[in-house]
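What follows is a set of notes on a single structure, which appears directly below.
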Amino acid sequence: MSLSFVDAYISCFITGLGSYMAAGDFTTLASMYTLFSRVGGITVLCAAFRQHIRVGFFAFLPPRPDYDVYYLDIGGGNRQGC
Amino acid sequence: MEEIVKDVNNDDDMVQRLLDLKSAADTTISTAFLANKINASETSAGTKIPDSEFVYSLKDAFTSGFRARRNKPAEMIAKFLDKAMRKGQGSSTDAEFQALLDSVLALYRYTDDKDVFRTFYHRSLAKRLLLEKSASIDFEASMLKKLKEGTCPT
């Protein structure tokens, strides 16, 4: 499966690691790990994994309005339609 | 994790659910989150090992998850072991049964309430031995040895 870093980043925070873990989709998880490691994003992925194990994924998300801002920000301002 | 620990209505299934979660997390780490081995020799170059950051994260998540509810998880782990020791290995092999016991002990290592676990475990052990309800003395001895050596602070 081919994932860009932004796609992987967004997938991680929107869909959550839990859905991939529940589905046993280790290929996608491994792709995400590879992509995150290339840009020094392992800490983020690691935090999402820890939070998923501890309290479930959705508790990790900030309130929706902040999340929207964050989402636009990681796109470098080029994802205004999202 | 916290959802499982705090689920008062399903206390009886708590340990099995935690084992399932731990197993899924372990599988994820050992399958998907693999880092290149540092200082690998030429013969083992390219060898991948589970990323230690994720291993520590898992440990941290379980430790803090157990803190969501005091005493009960440790009590349920002891009771789960009591049931397993009374029931015995059944149709499973020695290695499979030992692996189950080891995985439960792995959960015990994450709890802060080790004294609670010891209280319940020792009480149930005494009952099993006095009433001759234990399925295997060998496994009892093995468990005591592991508790004494590796996981029990006293």
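In segment B:114-154, what residues are of a type in the set (Asp, Glu) and within 19 Å of B:Lys83 (Cβ to Cβ)? So that I can check it myself, show each step before the final result.
Filtering segment B:114-154 down to residues of a type in the set (Asp, Glu) leaves B:115, B:132, B:138, B:140, B:149.
Across segment B:114-154, the qualifying residues are B:Glu132, B:Asp138, B:Glu140.
How many residues are more than 20 Å from B:Asp60 (Cα to Cα) and under 14 Å from the mean Cα position of the chain (by Cα) when one looks only at segment B:10-39?
Matching residues across segment B:10-39 total 0.
Criterion first (in a helix (DSSP H, G or I), under 19 Å from A:Thr43 (Cβ atoms), within 14 Å of chain A (Cβ to nearest Cβ) and of a type in the set (Asp, Glu)) does B:Asp20 satisfy it?
no
What is the residue count in segment B:65-97 for residues that are in a helix (DSSP H, G or I) and buried (at least 17 other Cβ atoms within 10 Å of the Cβ)?
16
Just the residues that are surrounded by fewer than 17 Cβ atoms within 10 Å (Cβ to Cβ), modelled with pLDDT under 85 and more than 9 Å from chain B (Cβ to nearest Cβ), please, taken from segment A:40-58.
Within segment A:40-58, A:Phe58 is the sole residue that qualifies.
Write out, first by first residue and then by second, each pair whose Cβ atoms fall under 6 Å of each other, whose residues are 6+ apart or on separate chains, and whose first residue, in segment B:36-53, is more than 15 Å from A:Thr34 (Cβ to Cβ) and modelled with pLDDT under 70 while the second is surrounded by 10 or more Cβ atoms within 10 Å (Cβ to Cβ) and among the polar types (S, T, N, Q).
Hits for this filter: B:Ala40/B:Thr47.
Check whether at least one residue in segment B:90-107 is over 19 Å from the mean Cα position of the chain (by Cα), modelled with pLDDT under 95 and farther than 28 Å from A:Phe49 by Cβ, and report yes or no.
Going residue by residue through segment B:90-107, those that are over 19 Å from the mean Cα position of the chain (by Cα) are B:90-91.
With modelled with pLDDT under 95 added as a condition, the list becomes B:90-91.
Then keep just the ones that are farther than 28 Å from A:Phe49 by Cβ; that gives B:90-91.
Scanning segment B:90-107 turns up at least one residue that is over 19 Å from the mean Cα position of the chain (by Cα), modelled with pLDDT under 95 and farther than 28 Å from A:Phe49 by Cβ.
Taking segment A:14-39 only, how many residues are more than 14 Å from the chain's Cα centre (by Cα) and at pLDDT 85 or above? It would help to see each step written out before you state the result.
Step one: of segment A:14-39, the residues more than 14 Å from the chain's Cα centre (by Cα) are A:22-27, A:38.
When the remaining residues are screened for being at pLDDT 85 or above, the result is A:25-27, A:38.
Counting residues in segment A:14-39 that are more than 14 Å from the chain's Cα centre (by Cα) and at pLDDT 85 or above gives 4.
Can you find a residue that is outside any helix (DSSP H, G or I), in contact with a helix residue (DSSP H, G or I) (Cβ under 6 Å, 6 or more places away or on another chain) and modelled with pLDDT under 90 anywhere in segment B:110-131?
Within segment B:110-131, not a single residue is outside any helix (DSSP H, G or I), in contact with a helix residue (DSSP H, G or I) (Cβ under 6 Å, 6 or more places away or on another chain) and modelled with pLDDT under 90.
Return a yes/no flag: does segment B:69-80 have any residue that is over 19 Å from A:His52 (Cα atoms), in contact (Cβ under 8 Å) with a residue 40 or more places away in the chain and within 14 Å of chain A (Cβ to nearest Cβ).
Yes, segment B:69-80 contains at least one residue that is over 19 Å from A:His52 (Cα atoms), in contact (Cβ under 8 Å) with a residue 40 or more places away in the chain and within 14 Å of chain A (Cβ to nearest Cβ).
So which residues in segment B:49-64 are assigned to a helix (DSSP H, G or I) and within 9 Å of chain A (Cβ to nearest Cβ), if there are any at all?
B:Glu53, B:Phe54, B:Tyr56, B:Ser57, B:Leu58, B:Asp60, B:Ala61, B:Phe62, B:Ser64
The values are calculated or read from the model by the stated rules, or taken from the named source; none is laboratory data. Everything numeric in this text was worked out from a predicted model, so none of it was measured. In this analysis, Cβ positions are derived from the backbone assuming ideal geometry, glycine residues included, and neighbour counts consider all displayed protein chains.
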